[in-house]
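Heads up, the thing below is written out as structure tokens.
Bear in mind these aren't lab numbers, they're just calculated from the coordinates by the rules spelled out. Just so it is clear, the model here is predicted, and its values are computed rather than measured. With ideal geometry, Cβ positions are generated from the backbone for all residues, glycine too; neighbour counts draw on all protein chains shown.
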There are 2 protein chains.
Amino acid sequence: MRKSVLHSANRAQFNLGTVFGILGSFIFFLGFALLIPMLIAFIYGEDVWHTFLYSASIAFVVGGALYYSFKPEHELRVREGFLVVSLTWLFLSLVGALPFVISGILPSYTDAVFETMSGLTTTGATIFNGTTSDGFVNPQIESLPYSILFWRSLAHWLGGMGIIVLTLAILPLLGVGGMQLFQAESPGPTTDKLTPRVQETAKLLWGVYVAFTGVEFLLLWVHPSMDWFDAINHAFATMATGGFSTKNASIEAFDSVYIDTIITIFMFIAGINFAMHFRLLKGDVKSFFDNREMRFYALITFISVIVVSTSLWLFNQYSIGSAIRYGSFQVVSIVTTTGFGTDNYEVWHTLGAFFLFLLFFTGGCAGSTGGGVKMIRWMIIIRNSFREIKQIVHPKAILPIRIGDKTVDSDIQRTVLSFFVLYLMVFGVGALIMSVMGYDMQSAIGASIACLGNIGPGWGEFGPTDNYAQIPYIGKWVLILFMMIGRLEIFTVLLIFTPTFWKQ
Amino acid sequence: MRKSVLHSANRAQFNLGTVFGILGSFIFFLGFALLIPMLIAFIYGEDVWHTFLYSASIAFVVGGALYYSFKPEHELRVREGFLVVSLTWLFLSLVGALPFVISGILPSYTDAVFETMSGLTTTGATIFNGTTSDGFVNPQIESLPYSILFWRSLAHWLGGMGIIVLTLAILPLLGVGGMQLFQAESPGPTTDKLTPRVQETAKLLWGVYVAFTGVEFLLLWVHPSMDWFDAINHAFATMATGGFSTKNASIEAFDSVYIDTIITIFMFIAGINFAMHFRLLKGDVKSFFDNREMRFYALITFISVIVVSTSLWLFNQYSIGSAIRYGSFQVVSIVTTTGFGTDNYEVWHTLGAFFLFLLFFTGGCAGSTGGGVKMIRWMIIIRNSFREIKQIVHPKAILPIRIGDKTVDSDIQRTVLSFFVLYLMVFGVGALIMSVMGYDMQSAIGASIACLGNIGPGWGEFGPTDNYAQIPYIGKWVLILFMMIGRLEIFTVLLIFTPTFWKQ
Ligand SMILES: [K+]
Ligand SMILES: [K+]
């Protein structure tokens, strides 16, 4: 029923005014978000507080003007939904970048947009701590005002909120990338109307998200190495699978088994479908542990920790304890696409390093804050491979693909395969573009997958101890687009570049 | 009609005796092939002639014994067909490796099997000119007896013959990897019986193959840098898209624009569907130039030559002439999966080098002697991506994929996507295994794709100026398997590792 409304004739029409009106309202709300780091600036007595006030004012004026010019009144139509989804991250990044520029901390607006998009897409790739292609020396992370650091983390956290609702409530209705699989799993009312359903679902899931963030904050705060500020920033960045840290050395800077453990656990939690967390918190333990994607995610993570830790122990002479500590942190960080680091995986023996590289192509569960291909798609891809081989022996048999007790529709199978192929093609194009800029193969591949998969750290010149400052501006805009394409499940963004989309 | 016979109840049964009987007959015929290098040894007065006699005798005895023990009499059933196809390359490599070992030229049987499998699969990866992991110094290419060099080239040429028939006559009937697409294109009778059809088709296509080899031989022979021996070896290796050369420096050793041009042209020819060549030679010019895959192949090659040559010209300071000469040779060599070299692409600017790396994932036309993913699958993959994006806007529309005037069946679409995904997964596993052996990422990736794609030269420690001698033996066996998996379109080999296949 729900589906039929969205797939109605309305699908073929759209109104740009509605789209800009809604984007205006989002920008307006971003204004409120910008006032929070202003409070942080007050607390720490930082001069940059006015930066946030100016930025918020611009957001209020621009957002308000857009909203009142177009006054979107009717329910969102499907094509409008696609445009809103694709443009939200872009518009919010363009406005959210203002504090970096107004404060004079980043001389380049491109860098400011890169950093903000990296924040809002929960990528965590940074242009701080490096020198740009035209010679600007961007500041060290540790020299940044608290309010600016907080704005980076807050961008993660708000981006994560957006993503949970997007993947669990909006994309399934838009039919993107096989996400229809999750239609039944979301909490909230099953209404035909998009807006009330999304609002209701959002409230329930955000409650879970806020709760986990609060718990992680407290657990980090109790450790002597972290003050409340470090704790809240890292809790934001963890639950969003973001990866921005208040330290250039990332989590390694705290050098604490306790902190490593807490963050590993919460990264793992952030990589689980939030609809499942919601069910668990409502007491539905059975459906949480019955969830096939979650079990597959846990299995892959477990196997990867074993392989990587063994490699560290055997080939890099780590003690067993250190091997497990650093192996599990890095594995969970990459599988969930968080990108926090406690060890430089580039100097590992190739077994551990290459295994971790393969994990750059995984991603957590759908409906988590993680990016990438995601576990449910891998399950379908792997099952489809076995099915395809079996089909050769039984060419006339109809061999369904099942995940738990659900049969995966053949349309969804095809969509998932297509998603994966398209994902890899976009990845290849990204690497090619980086290679045009003169980067070696490993760096080019690393930058492309790290941004497309919303991971953050890559390989070569963009490894865990490096940053993205040095890339020529055109390359930065490409990566800004890539973070957005990856974050929005590819189809959403690519769609609006096709003539089909704009044909009435 | 044809299909129905093959898809009958017989599919579920098989007789191992029949399989071994047929393999026996192939081994027996390999005995005759082994007598040809013996003649070369006579011509050049080489002592190793007896090596080939012994090897041929073993082939006659083993092959004959197998054949007469099992006397395969009935028509091949489908599962038997799969086993025969998968085991043929393995058994012939095990026997074809004998001359290298009996002559004492290669102390390691593994190396001998590697070289022979590399020959028969038209890969062209060599273990000569290097030191093995246990310290054997394998001879230089230029120090090898003529008869041994000839045996390597002949293995290519026979392998190429096998592949043409396999992809155009056998795999379509077995329904592997979307090759059913080509059922209608093959010449030969449309009979229900496998054997007469395959024999008839083989004769017609081999005629074309022999003719092209002869023409290339003559065109190479007339050049003063090549004697008849160099000419015949390179003609064999070109038409098979093999890549073994009589020189360690490959085609660069001849340093001739004429030779480069001839080989570039014939590599390009070898990358075209031989059923299309057959049609062209029969005067059906229209259907040759109408063939969409061929046009796509030409387009991709053309674009790649432009990009790579421009990169050489702009970033590597080649003259325009040299840029085109070396750019087009290397591009055609990689696109067709031949692997001949006239330039070290590893020292190119990353644009050219990385673009070439992407071409490692292409391959020529299906029904050519080239390996890899192949153009027709890429066409379907790309069209499917566009279709999938369009489908989002028109969720209920049935959007077919057309190649020329043919509609691609939705089963075949899925099979092609699955093939590609499985191909990449196997590639990833191969790279992981190589990384376990301690190779860096680029070398590991290079070895995996160069062997799986039957290309030959890879990257890093296995680049165009290196060889595969140094790999530990277990790694060589993995690559032997990979050359076979890639050559036999993946499904064929993977299938026989599944329990489903063996269930009665
Ligand atoms: K991240
Ligand atoms: K080859």
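Here is how the numbers come out for the structure above:
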read-out: Inter-centroid distance (Cα atoms) of the range B:452-504 relative to the range A:460-503, Å; value: 34
read-out: Cα shape, the range B:345-410, gyration tensor, a/c 1.5 rule; value: oblate
read-out: Shortest-first distances to equivalent copies, position A:Leu281, nm, label 7 Å out along Cβ; value: 7.2
read-out: Sorted largest first, extent of the range B:1-142 alpha carbons per principal axis (Å); value: 53, 30, 25
read-out: Rg/Rg_ref, the range B:200-326, where Rg_ref = 2.2 N^0.38 Å and atoms are Cα; value: 1.17
read-out: Among B:Phe32, B:Phe462, B:Met294 - extreme Cα towards positive end, dipole of chain B, charges at beta-carbon; value: B:Met294
read-out: Chain B, closest residue to the rotation axis toward A, by beta-carbon, whole angstrom; value: B:Leu417, 2
read-out: Candidate aspartates and glutamates - alpha carbon under 19 Å from A:Lys476, same-chain residues fewer than 8 apart omitted; value: A:Asp111, A:Glu115, A:Asp134, A:Asp440, A:Glu461, A:Asp466
read-out: DSSP H segments from chain A that extend 30 Å or more along their own axis, Cα-based, with Kyte-Doolittle mean of 0.5 or above; value: A:16-43, A:49-70, A:194-221, A:292-315, A:410-436
read-out: Square roots of five times the Cα gyration tensor eigenvalues for the protein assembly as shown, Å; value: 54, 31, 27
read-out: Whichever lysines have a C-alpha closer than 30 Å to that of A:Lys282, once near sequence neighbours (fewer than 8 apart) are set aside; value: A:Lys3, A:Lys193, A:Lys203, A:Lys374, A:Lys406
read-out: Whole-number Å³ per residue for the convex hull built on Cα positions in the range B:82-140; value: 77
read-out: Copy-to-copy label separations for B:Gly428, where each label sits 7 Å from Cα toward Cβ, in nm and ascending; value: 1.6
read-out: Net charge of neighbours whose Cβ lies under 12 Å from the Cβ of B:Phe217, counting Lys and Arg as +1 and Asp and Glu as -1; value: -3
read-out: Convex hull volume of chain B per residue (C-alpha atoms, cubic angstrom); value: 154
read-out: Selection of trypsin sites (Lys or Arg not before Pro), the range B:244-310, meeting DSSP coil and at most 14 other Cβ within 10 Å; value: B:Lys282
read-out: Difference of contour (0.36 nm per residue) and Cα-Cα distance, B:Glu73 to B:Phe29; value: 14.0 nm
read-out: Ratio of Rg to Rh over the range B:58-97 (Cα coordinates, Kirkwood Rh, two decimals); value: 1.01
read-out: Copy-to-copy label separations for B:Asp47, where each label sits 7 Å from Cα toward Cβ, in nm and ascending; value: 8.9
read-out: The range B:463-504: C-alpha gyration tensor shape, a/c 1.5 cut-off, then a/b vs b/c; value: oblate
read-out: Chain B: calculated mean residue ellipticity at 222 nm from DSSP helix runs of at least 4, using -39500 (n - 2.57); value: -20500 deg cm²/dmol
read-out: Euclidean distance between Cα centres, the range A:246-282 to the range A:150-172, Å; value: 16
read-out: Surface/4 estimate of mean projected area, convex hull on alpha-carbon atoms of the range A:239-302, nm²; value: 5.2
read-out: Low-density loop positions, trypsin sites (Lys or Arg not before Pro), the range B:388-496 - DSSP coil, at most 10 other Cβ in 10 Å; value: B:Lys396
